[in-house]
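Below you'll find the structure, written out as structure tokens, and then a few comments.
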Amino acid sequence: MTVQPIVFFPDQRLRQVAAPVVAFDKSLHDLSIDLLDTLRAAPGIGITGPHIGINLRVVVLDLPTSDAPEFYVNPEITWLSDDKVQNEEGSISMPDISAPVERPASIKIRYADLHGNIHEGEAAGLRSVCLQHEIDQLNGIFWLQRLSSLRRNRLIARYKKLGRA
């Protein structure tokens, strides 16, 4: 398909809550392939519809530990563990900026596949972190909002210095 232009921070579209997918048709399949192509070109390991200006609840993960890309439509977290982990996070919408973010170590999730079939599953490790990060994005929460205001302001200043904002 096609590599799409990425929406860059501080674009306000990254702060909007994405709409649920209601049509599981060819356009959804085309969008998912465009997202995967864009993710690989970025490069990155996770992307959502809002990252390319499409306000739909679609997540694509392409993890180094997986044999194939993973597609999640209308994902929702149904349970969060009490145990926490800290991972370095960033965004294809804010290249060359990252910071440690603390999140629950494991989650349970409900989502549809590209055909509209509902699935439930569990995730831990990198998959858990990535799903939480991307579902936050679908909910209009950019990853910087998970940081203290001091750290967030420092990263935004560094991003501006890079000439990106």
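The values are calculated or read from the model by the stated rules, or taken from the named source; none is laboratory data. Only a predicted model underlies this, so the values are computations on that prediction, with no experimental measurement involved. With ideal geometry, Cβ positions are generated from the backbone for all residues, glycine too; neighbour counts draw on all protein chains shown. Only protein heavy atoms, including side chains, enter the accessible area calculation; ligands, DNA and RNA are left aside. Shrake-Rupley method; radii C 1.70, N 1.55, O 1.52, S 1.80 Å.
For the chain, the fraction of 1.4 Å probe accessible surface lying on carbon and sulfur atoms is 50 percent. Accessible surface computed residue by residue for the chain, with neighbouring protein chains in place and a 1.4 Å probe, gives 51 Å² per residue.
Report the local net charge at Pro104: Lys and Arg +1, Asp and Glu -1, summed over other residues whose C-beta lies under 15 Å from its C-beta.
Working: positive: Lys84, Arg103, Lys108, Arg127, Arg146; negative: Glu76, Asp82, Asp83, Glu89, Glu102, Glu122, Glu134, Asp136.
Here the charged neighbours net out to -3.
Largest first and in whole Å, the equivalent-ellipsoid semi-axes of region 1-79 read 17, 16, 14, each the square root of five times a Cα gyration tensor eigenvalue.
Ranked by the mean number of other Cβ atoms within 10 Å per residue, highest first, peptides 87-95, 17-25 order as 87-95, 17-25.
Which distance in Å, rounded to a whole number, links the C-alpha centroids of region 31-47 and region 113-165? Taking the Cα centre of each part, region 31-47 and region 113-165 sit 15 Å apart. 3J(HN,Hα) couplings calculated from phi for region 9-26 with the Karplus curve 6.51 cos²θ - 1.76 cosθ + 1.60 (θ = phi - 60°) are, in sequence order, 4, x, 3, 5, 5, 6, 9, 8, 6, 6, 7, x, 6, 10, 10, 9, 10, 4 Hz; Gly and Pro show x. Going through [x] 43, 38, 28; [y] 47, 37, 27; [z] 56, 31, 28, the figure that equals Cα extents along the principal axes in Å as computed for the structure here is [x]. Please name whichever of Ala68, Leu126, Ile109 sits farthest to the positive end of the charge dipole of the chain, dipole taken about the Cα centre and charges placed at Cβ: Lys and Arg +1, Asp and Glu -1. Selected residue: Leu126. Under 19 Å of direct C-alpha separation, and excluding same-chain neighbours fewer than eight residues apart, Lys161 reaches no lysines at all. Other residues whose C-beta falls under 12 angstrom from the C-beta of Ile45 contribute a net charge of -3, scoring Lys and Arg +1 and Asp and Glu -1.
What net charge is computed for the residues neighbouring Leu80, neighbours being all others with C-beta under 11 Å from the C-beta of Leu80, Lys and Arg scored +1, Asp and Glu -1?
Neighbour charge sum, excluding Leu80 itself: +1.
Per-peptide packing, taken as the mean over residues of other Cβ atoms within 10 Å, places 52-59, 79-86, 26-33 in the sequence 52-59, 26-33, 79-86 from highest down. Could you tell me the accessible area of Arg154 in Å² (1.4 Å probe, neighbours in place), rounded to the nearest ten? Approximately 150 Å² for this residue.
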